[in-house]
Amino acid sequence: IDPTDVTYARLASVLEDLGRYEESAAAIEKAIDMDPKDETYHNIRSNLYRYAGDLDSAISEQNICVELDPESYLPYHRRGWFRFLKGDYRDAVEDFNMSIAMRQDNAFGYYRRGRAYEKMGERAKAEADYRRAIELDKEPGSNSCAEFAYFHLGENTKALEFLGKLIDAEKEEAYYDAACLYSLMGNVQTSLDYLKKAIESGAFKNYMHMILDEDL
């Protein structure tokens, strides 16, 4: 009747959840046309570009997010992850450096910078970042990454112990992480079992993320 940018953005998010990505892209385009200075809208479009396999455009959208909200660590963190996925590991490290400087308790920042260092062959730096991520991620929760840090340190027993605590704390919200961890460990059947639980519970429904997730 009287659409606003917020209406279109919410519609885009719902369509994204439903996997109707072309319609979601059209809706978020209208939201951005109406308010080009809302960072959240550009972040939605950035994710849609990633699903389409266009990491350059996803990064460009995060460039806009950095300009719109330069005091937030999140745009740097997200841009760093997209650069990591593209294989630009040194640029990814620079972004993670910035995100960590702005938010030093961000365990995921250290974990993902560690992944970038490892891809660059700088194992000692990677291990230091994994250890720091574990130090910061003491209480299992929705943003935990310690289970993956333990895995990349070769400490699978501790990784599974932390995963168990995470499942106790988060229940079905942790099933997708469990699927990823068991996949990394090469336990395909257990990974598939947890992935099925994650889908059937409704806790995780981002199918393009599943397809693109290197951990899975």
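The values are calculated or read from the model by the stated rules, or taken from the named source; none is laboratory data. Remember, predicted model here, so these are calculated numbers, not experimental data. With ideal geometry, Cβ positions are generated from the backbone for all residues, glycine too; neighbour counts draw on all protein chains shown. Side chains are part of the model used for accessible areas, which takes the heavy atoms of the whole protein and leaves out ligands, DNA and RNA. Shrake-Rupley method; radii C 1.70, N 1.55, O 1.52, S 1.80 Å.
Couple of notes before you dig in:
- Among the residues examined, LEU163 qualifies as open to solvent by less than 50 Å² (accessible area, probe 1.4 Å), within 26 Å of ALA124 (Cα to Cα), in contact with a helix residue (DSSP H, G or I) (Cβ under 6 Å, 6 or more places away or on another chain) and in a helix (DSSP H, G or I).
- Residue match in segment 190-198 (condition: part of a helix (DSSP H, G or I) and under 21 Å from VAL14 (Cβ atoms)): yes
- Looking only at segment 6-33, and only at residues there that are more than 18 Å from ARG50 (Cα to Cα) and in contact with a Phe, Trp or Tyr (Cβ under 7 Å, 6 or more places away or on another chain), the one that is most open to solvent (accessible area, probe 1.4 Å): LYS30
- Restricting attention to segment 62-113, the residues that are surrounded by fewer than 16 Cβ atoms within 10 Å (Cβ to Cβ) and either at positive phi or of a type in the set (A, V, I, L, M, F, W, C) (or both) total 3.
- Near pairs, Cβ below 6 angstrom, 6+ apart or cross-chain, from segment 124-151 (surrounded by fewer than 21 Cβ atoms within 10 Å (Cβ to Cβ)) to any residue that is part of a helix (DSSP H, G or I): LYS125/TYR117; ARG132/TYR110; LEU136/ALA107; PRO140/LYS165; PRO140/LEU166; PRO140/ALA169
- Residues that are more than 15 Å from the chain's Cα centre (by Cα), hydrophobic (A, V, I, L, M, F, W, C) and either more than 18 Å from PHE148 (Cα to Cα) or buried (at least 16 other Cβ atoms within 10 Å of the Cβ) (or both) within segment 182-210 comprise LEU184, LEU195, ALA198, ILE199, ALA203, listed in sequence order.
- Of the residues in segment 97-106, at least one is under 15 Å from the mean Cα position of the chain (by Cα), free of Cβ contacts under 8 Å to residues at least 40 places away in the same chain and part of a loop (DSSP other than H, G, I, E, B).
- Taking each residue of segment 155-179 that is within 18 Å of GLU214 (Cα to Cα) and looking for partners that are assigned to a helix (DSSP H, G or I) and open to solvent by 80 Å² or more (accessible area, probe 1.4 Å) with beta-carbon atoms closer than 6 Å, six or more apart or interchain, yields TYR175/LYS197.
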